[in-house]
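Colleague: Right, I'll just put the structure down here and ask away after.
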Amino acid sequence: MKIQILGTGCAKCKQLTENAEAAARGMGLAYELEKVTDIKDIMRFGVMATPALAVDGKVKLVGKVATAAEIRLLLG
Amino acid sequence: MKITPKCGCNGGPDLMFCCSGAADTAEIADLAVRQLHKAKEAKMFCLAGIAGDVELIVVNTKTANRMLVVDGCDSDCARKTMEKGGFNDFIHFRVTDLGMEKGKTPVSGERIAQVASRLRELLKEAQPCVEA
């Protein structure tokens, strides 16, 4: 599973990354984490706001720092 | 979809959804919304994507700072579509509420400008959406 965090690296992006990793580890998932920070690469996902989270290239969450519990629902 | 994303630290975009009716008042609504979109005052977004539960459209709509939903008449198709899609925190406006009668209001620059002006007022008065 590839978890992609889209964002230029602000505090919200970092928090989302931490929460996503906590969720994936808590579920015992084998995952690869990718941080997409280049704005042109972020634009290719079609998101309107950052931070955003994609799973295997599919956008699941936009413009919000979801909790680990909320992210578990997206990863499950 | 080529969109320059906004940093969520400062809130999401202001979004507008418009009905897709064939009537004159629907056309006025559409053109007024497009006027604001072209002037980058708010972003016109895709009502059909909400109706079709298109994932990328729905997740992006959830980021909206403020949302304006515009109908051409009191059938309120746009409002009902948004509510059916689970969105309730928006400002709703009907072109016919300005006294323009459906089927009897030829599309004109003046009428489009009148509606666009009212939409600007509503956006100014609006409170940001409650965070989902």
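Colleague: Which one of B:GLU101, B:GLU55, B:GLU83 has the biggest mean-square fluctuation once chain B is modelled by GNM with Cα springs under 10 Å?
Modeller: Result: B:GLU55 has the largest fluctuation of those listed.
Colleague: Also, quick follow-up: Scan around A:LEU6 for amide H atoms under 5 Å from its own, H built in the peptide plane at 1.01 Å from N, and keep only partners 5 or more places away or cross-chain.
Modeller: HN-HN under 5 Å from A:LEU6: A:VAL36, A:ALA52, A:LEU53, A:ALA54.
Colleague: Another question, if that's okay. Which angle between 0 and 90 degrees, to the nearest 10, do you get for helix B:109-125 versus the longest principal axis of chain B when only C-alpha atoms count?
Modeller: Tilt of helix B:109-125: around 40 degrees.
Colleague: Using all Cα-Cα distances in the protein assembly as shown, what percent lands in each 5 angstrom bin from 0 up to the longest?
Modeller: Distribution as computed: 1, 8, 15, 17, 16, 13, 10, 7, 5, 4, 2, 1, 0 percent.
Colleague: Taking the C-alpha atoms of chain B, how large are the radius of gyration and the largest Cα-Cα span, Dmax, in Å?
Modeller: 14.1, 46
Colleague: Here's another thing I want to ask about it. Ordered by residue, what ³J(HN,Hα) values in Hz, to whole numbers, does the range A:66-71 give under the Karplus form 6.51 cos²θ - 1.76 cosθ + 1.60, where θ = phi - 60° and Gly and Pro are x?
Modeller: 6, 6, 4, 5, 5, 5
Colleague: Hey, what does the equivalent ellipsoid look like for the range A:2-75, semi-axes from the Cα gyration tensor as sqrt of 5 times each eigenvalue, largest first, whole Å?
Modeller: 19, 12, 10
Colleague: Report, in degrees rounded to the nearest 10, the 0 to 90 angle that the Cα long axis of helix B:24-38 makes with the longest principal axis of chain B.
Modeller: For B:24-38 against chain B, the angle is about 40 degrees.
Colleague: Whole angstrom only: what separates the Cα centroid of the range A:1-75 from the Cα centroid of the range B:43-72?
Modeller: Distance between centres, Cα-based: 21 Å.
Where a number appears in this text, it was derived from the coordinates with a stated rule and is not lab data. Bear in mind that the values here come from a model prediction, so they are computed numbers and not experimental data.
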